[in-house]
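K.L.:
What follows is a single structure, and I will ask about it in a moment.
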Amino acid sequence: MKLKHYHHHRSRCNALTIIEVVIALALSALTFGGIVSGHIFAAQKAEWSAYSLAAQSLAMQRMEQARSAKWDLLASPPVNQVVQANFPPITNDVLDIPIAGSNIVYASTTTTISSVSTNVPLVLIRVECVWPFMDRGFFTNSIQTYRSPDQQ
């Protein structure tokens, strides 16, 4: 009988209680949940960065078009293609991101050309590219530069 009591006492000390098991499962679930949440957050940030870079590329393309437009006051007759009418808004620019099926993302690109000085001809060129991201609304990438007439 004494031996049974000793054996029973020994197995009781080595066994896990239900509370210890529940706590271990809860800690495991929290750890696993944190890992999954971190992975999802990192993937969304990487996707947002890809969208932003693609929007910046669209804005730069439009800026380069405005910068390369002919503006020669010494020509006969003078030529000025750097005017607002030559750069209408584009509402269906496609972001250059990996596309699979129907996940095409459209952006709107707006170019604004405003005169800064007429004594010394100078304009401000501003390009804004507005793009959506998931259900978080719209984001805007914008760039601007100054431009004077072509020089010879």
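K.L.:
Would you please give the residues with an amide H less than 5 Å from that of LEU122, counting only those at least 5 places away or on a separate chain, with H modeled from the backbone geometry?
P.N.:
VAL116, SER117
K.L.:
Tell me what the chain gives for mean residue ellipticity at 222 nm when only DSSP H runs of n ≥ 4 count, each as -39,500 (n - 2.57), the sum divided by the residue total, rounded to 500 deg cm²/dmol. Working shown, then result.
P.N.:
Numbers: 2 runs with 64 residues, N = 152.
After summing the helix terms and dividing by residue count, I get -15500 deg cm²/dmol.
K.L.:
Say a site is exposed when it is one of the trypsin sites (Lys or Arg not before Pro), sits in a DSSP loop, and has at most 11 other Cβ atoms within 10 Å; what is then the longest site-free stretch of the chain? Don't skip to the end; give the middle numbers.
P.N.:
Details: sites that count: LYS70, ARG136.
Here the longest segment lacking exposed loop sites spans 1-69.
K.L.:
Taking the solvent-accessible surface of protein heavy atoms with a 1.4 Å probe, what is the per residue accessible area of the range 59-152 in Å²? Write down the numbers at each step before the final one.
P.N.:
Details: 5940 Å² over 94 residues.
That works out to 63 Å² for each residue.
K.L.:
Give me the percent of accessible area attributable to carbon and sulfur for the range 75-152, probe 1.4 angstrom.
P.N.:
Working: 2620 of 4980 Å².
Ligands and nucleic acids excluded, carbon and sulfur reach 53 percent.
K.L.:
Between 0 and 90 degrees, rounded to the nearest ten: what's the tilt of helix 18-68 against the longest Cα principal axis of the chain?
P.N.:
10
K.L.:
Now a separate question. Rg and Dmax in Å for the range 92-152, alpha carbons only: what are they?
P.N.:
16.6, 53
K.L.:
Beyond 17 Å, what percent of the Cα pairs of the range 62-111 remain? List each step's numbers first, then the result.
P.N.:
On the way: 644 of 1225 pairs.
Above the 17 Å cut-off, the range 62-111 has 53 percent of its Cα pairs.
K.L.:
Relative to the first principal axis of the alpha-carbon coordinates of the chain, what is the inclination of helix 2-14, with its axis defined by its Cα atoms, in degrees from 0 to 90 and to the nearest 10?
P.N.:
Once rounded, one gets 10 degrees.
K.L.:
Given that just one value was derived from the coordinates, which of (1) 25; (2) 34; (3) 56 is percent of Cα pairs over 26 Å apart?
P.N.:
Looking at percent of Cα pairs over 26 Å apart for this model, the match is (3).
K.L.:
Continuing with this model, one more query. Residue separation times 0.36 nm, minus the C-alpha to C-alpha distance between VAL116 and LEU25: what's the value? Show your work: numbers first, answer last.
P.N.:
Numbers: separation 91, 0.36 × 91 = 32.76 nm, distance 6.69 nm.
That works out to 26.1 nm of additional length.
The values are calculated or read from the model by the stated rules, or taken from the named source; none is laboratory data. Keep in mind that what you see is a predicted model, and the values were worked out from it rather than measured. Ideal geometry is used to build each Cβ from the backbone, glycine not excepted, and the neighbour counts take in all protein chains shown. Note: accessible area is taken over every heavy atom of the protein model, side chains too, but ligands, DNA and RNA are not part of it. Shrake-Rupley method; radii C 1.70, N 1.55, O 1.52, S 1.80 Å.
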